Amino acid sequence: MAVQKMALLVFVFPVVISIAFGVLVLSDVLGQPDRHLNMLQFVNTKQPTQTGDKDIVIQNLLNSYSTSMPVSITVGINDTAFDCGDLYITIYDLDTSPKQVTAQNGYFLQCFVVNNSSLPIDDTFSQIIGKPGNYEIVTEMKDKNNQNTINATAHFKVR
């Protein structure tokens, strides 16, 4: 009988105390303003479908973002004819008519062939969009002579 009480004290009591302490801490954290439990974060990891030329790829774009999460992307180019060209990235708000530019950046003289790098070189495109809605991102790469252009387009949401 004493062995059963000892086993209960040694094995079950710490589990009960740990669960109670965890519930207490989690309820305190979730009780703070602007805190919520998001257990389905893996749902947003799928990249949206891209249209445009097959030689340009938008990398690291998610299907949806929160208003406090930055849209951070890189661009991959598979055509060496566009080495040392100019890269333009534009985000459009699709909920306005006509669609309005939300963010736009230009990166000049992007020489990527030597190091097989993602673009932009030695820089990042990162933009926080504070307004929920539907958006379109357009990446455009021009060759160094501004004669040829390739582009890719994808859609995403901000919640």
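The values are calculated or read from the model by the stated rules, or taken from the named source; none is laboratory data. Keep in mind that what you see is a predicted model, and the values were worked out from it rather than measured. Cβ placement follows ideal geometry from the backbone for every residue including glycine, while neighbour counts extend to all protein chains displayed. Just the protein is used for accessible areas: all its heavy atoms, side chains included, with ligands, DNA and RNA removed. Shrake-Rupley method; radii C 1.70, N 1.55, O 1.52, S 1.80 Å.
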| message | Looking at the chain as a GNM with Cα springs under 10 Å, which of Asp93, Asp83, Asp122 has the largest mean-square fluctuation? | response | Asp122
| said: About the Cα centre, and with charges only on the beta carbon of Lys, Arg (+1) and Asp, Glu (-1), how big is the dipole of segment 1-150? Nearest 20 debye, please. | reply: 740
| message | Output the 0 to 90 degree angle, nearest 10, between the alpha-carbon long axis of helix 13-30 and the longest principal axis computed from the alpha carbons of the chain. | response | 40
| request: Mind running the shape call on segment 64-111? Use the C-alpha gyration tensor, a ≥ b ≥ c as the square roots of the eigenvalues: rounded below 1.5 for a/c, prolate if a/b tops b/c, oblate otherwise. | output: prolate
| Once the dipole of the chain is set up with Lys and Arg at +1 and Asp and Glu at -1 on Cβ about the Cα centre, which of Pro98, Ser18, Ala7 lies farthest towards its positive end? | Ala7
| message | For Lys157, give me every one of the lysines with a C-alpha distance below 30 angstrom, ignoring sequence neighbours fewer than eight places off in its own chain. | response | Lys46, Lys54, Lys99, Lys131, Lys142
| field | Radius ratio Rg over Rh of the chain, counting only Cα atoms, Kirkwood formula for Rh | value | 1.28
| task | On a C-alpha basis, how far is the centre of segment 50-85 from the centre of segment 95-150 in Å? Whole number, if you could? | result | 8
| Of all accessible heavy-atom area on segment 60-154, the percent that carbon and sulfur account for (1.4 Å) | 43
| remark: Of the residues Leu109, Ser27, Ile56, the Cα lying farthest along the dipole of segment 22-159 towards its positive end, which is defined by charges on the beta carbon of Lys, Arg, Asp and Glu, belongs to Ser27
| field | segment 101-159: Rg to Rh, with Rh as the Kirkwood radius over Cα pairs | value | 1.02
| message | What's the magnitude of the charge dipole for segment 94-159 around its Cα centre, counting Lys and Arg as +1 and Asp and Glu as -1 at the beta-carbon? Answer in Debye, nearest 20. | response | 220
